[in-house]
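The values are calculated or read from the model by the stated rules, or taken from the named source; none is laboratory data. Keep in mind the model is a prediction, meaning the values are calculated, not measured. Neighbour counts are summed over all protein chains in view; Cβ atoms, including those assigned to glycine, are modelled from backbone coordinates with ideal geometry. Accessible surface is based on the protein model in full, side chains and every heavy atom, while ligands, DNA and RNA are left aside. Shrake-Rupley method; radii C 1.70, N 1.55, O 1.52, S 1.80 Å.
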Amino acid sequence: MTTAKTKILVWDAPVRVFHWLMVLSFAGAYLTAESERWRLVHVSLGYTLGGLVAFRVLWGLLGTRYARFASFVRGPSVVLRYLSSIVQGRPEHHVGHNPAGALAIVLLLLLSIATVATGWANYNDLGGHWLEELHEVAANFMLFIVGVHVAGVVLASWLHRENLVRSMLTGRKEGVSNEGIRWTWRPLALILLAAVLGFWWLQWQSAPSSVSGATVAAEVAK
């Protein structure tokens, strides 16, 4: 007897909003790292990344089924077994994060904490040149893991014949009906988004005149 599969809700709205805000924050912070003119943007996005990670850790303990760390964080043997199944051409299918993807997510969260912490300390002159170097190393290693993660998403999408990027937009994947979550938690996602946008607005309002208004327009014109 086979169980019919359909589109089920896997990723709640807070997870999806967190994911794309994290992508935007890290990418923006990385691209503005070397510019003094965009320093406030860099710092603001760094703080945003720190706040997002704090939220994700909390949601990983209290969130919906597939958002909780307990549902996807596994030991090295499980990760190796999953990678072995890919090599053998019989990839294990997981409704939530697969073990390799879960490892990348844990590494990204840890590297985010390291990058934000060293960036904050460096911004407040709490260390010497070594701390600045450590901040750059953490950010570059995080970029490397992002690249590995993206490659893994593309590979897994091809092997499992499912668009994992689209699922992180819609929240839905193919599965058995009783495997899905019941509620999207959309109000919490809206609160998270509003908090981030509100923080950005406050940072913009407190920006020195040298980095606001005409200066930003001139930089964009270049």
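Remarks
- Where ARG37 falls short, out of the listed (1) buried (at least 16 other Cβ atoms within 10 Å of the Cβ); (2) in contact (Cβ under 8 Å) with a residue 24 or more places away in the chain: (1)
- Among the residues of the stretch 166-198, those identified as under 21 Å from HIS94 (Cβ atoms), free of Cβ contacts under 8 Å to residues at least 12 places away in the same chain and not β-branched (Val, Ile, Thr) are ARG166, ASN178.
To keep it simple, each residue is scored yes or no on (1) in contact with a helix residue (DSSP H, G or I) (Cβ under 9 Å, 6 or more places away or on another chain); (2) surrounded by fewer than 16 Cβ atoms within 10 Å (Cβ to Cβ); (3) of a type outside the set (D, E, K, R); (4) at positive phi.
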residue	(1), (2), (3), (4)
ALA114	yes, no, yes, no
LEU143	yes, yes, yes, no
HIS149	yes, no, yes, no
GLY152	yes, no, yes, no
SER157	yes, yes, yes, no
ARG182	no, yes, no, no
TRP185	yes, no, yes, yes
ALA195	yes, yes, yes, no
GLY198	no, yes, yes, no
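- Filter result for VAL106 (part of a helix (DSSP H, G or I), open to solvent by 30 Å² or more (accessible area, probe 1.4 Å) and either out of contact with any Asp or Glu (no Cβ under 7 Å at 6 or more places or on another chain) or not charged (D, E, K, R) (or both)): yes
- Looking only at the stretch 93-103, residues that are out of contact with any Gly (no Cβ under 6 Å at 6 or more places or on another chain), open to solvent by less than 50 Å² (accessible area, probe 1.4 Å) and not in a helix (DSSP H, G or I) come to 3 in all.
- Residues that are closer than 30 Å to ALA195 by Cα, open to solvent by less than 60 Å² (accessible area, probe 1.4 Å) and under 20 Å from the mean Cα position of the chain (by Cα) occur at least once in the stretch 70-85.
- In the set (1) in a helix (DSSP H, G or I); (2) modelled with pLDDT under 95, the condition left unmet by THR2 is number (1).
A quick yes/no check of all residues on (1) at pLDDT 90 or above; (2) over 19 Å from VAL165 (Cβ atoms):
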{"site": "VAL79", "(1), (2)": "yes, yes"}
{"site": "VAL87", "(1), (2)": "no, yes"}
{"site": "HIS94", "(1), (2)": "no, no"}
{"site": "HIS97", "(1), (2)": "yes, no"}
{"site": "LEU110", "(1), (2)": "yes, yes"}
{"site": "VAL116", "(1), (2)": "yes, yes"}
